[in-house]
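Asker: One structure is given below, represented as structure tokens, and several questions about it will come after.
The values are calculated or read from the model by the stated rules, or taken from the named source; none is laboratory data. Bear in mind the structure is a predicted one, so any value in this text is a computation, not a measurement. For neighbour counting, all protein chains shown are included, and Cβ atoms are generated from backbone atoms with ideal geometry for every residue, glycine included. The area values use the complete protein model at the heavy-atom level, side chains included, leaving out ligands, DNA and RNA. Shrake-Rupley method; radii C 1.70, N 1.55, O 1.52, S 1.80 Å.
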Amino acid sequence: IHTHPEDTYAVFSWLDIKLIGQFYNNSHADFNAEIFLIAVSPNNVTYALKVDNIETLNLKISSDLTSAEGTTDDENERNLMKDMKDKYNKSVDLEKTFLKYYGDYGISFYKATDANLSNWEQLEVDLDESNEEIIIPTSCN
């Protein structure tokens, strides 16, 4: 669990996605199903990430690092985060933007629907009848 304080993005960053992959890769296989990452933001907004397919996640992270501008991993990560910030800053819907760019990374994205974290929805992006991207929430309870 970690916080995303005011003046940051409520949704997960690229580094958060990389981090959950590292947790999963470095965990004992018996515990992999229990690994998740939670971000708590202001105004009782809480999100969670869970790994569905570690191979896909590893490939996406590796591909990102390989294709990023930079000569070191640190430079590549800084440039990836800069690109992410540019996308998030232009966004009018951070959840949709997160899913658009990271929804195919082998992870699931969840949002708590109450302040006590008793009820959760899985968020996915899909197209409506007019081919507009919309968020599809699916209750987890």
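Asker: Are any of the residues in region 99-113 within 22 Å of Phe36 (Cβ to Cβ), open to solvent by 80 Å² or more (accessible area, probe 1.4 Å) and polar (S, T, N, Q)?
Answerer: The answer is no; no qualifying residue exists.
Asker: It is to be established whether one or more residues within region 48-64 are open to solvent by less than 70 Å² (accessible area, probe 1.4 Å), modelled with pLDDT under 95 and either out of contact with any strand residue (DSSP E or B) (no Cβ under 9 Å at 6 or more places or on another chain) or of a type outside the set (S, T, N, Q) (or both).
Answerer: No: region 48-64 contains no residue that is open to solvent by less than 70 Å² (accessible area, probe 1.4 Å), modelled with pLDDT under 95 and either out of contact with any strand residue (DSSP E or B) (no Cβ under 9 Å at 6 or more places or on another chain) or of a type outside the set (S, T, N, Q) (or both).
Asker: May I pose another question? Going by the structure shown, is Ser63 closer than 22 Å to Tyr110 by Cβ, without any contact (Cβ under 8 Å) to a residue 12 or more places away in the chain and not acidic (Asp, Glu)?
Answerer: no
Asker: Looking only at residues in region 31-47 that are hydrophobic (A, V, I, L, M, F, W, C) and part of a helix (DSSP H, G or I), which one is least open to solvent (accessible area, probe 1.4 Å)?
Answerer: Restricting to residues being hydrophobic (A, V, I, L, M, F, W, C) and part of a helix (DSSP H, G or I), the top hit is Ala33.
Asker: Going through region 58-88 one residue at a time, which ones are on the phi < 0 side of the Ramachandran plot, assigned to a loop (DSSP other than H, G, I, E, B) and not hydrophobic (A, V, I, L, M, F, W, C)?
Answerer: Passing the criteria: Glu69, Thr71, Thr72.
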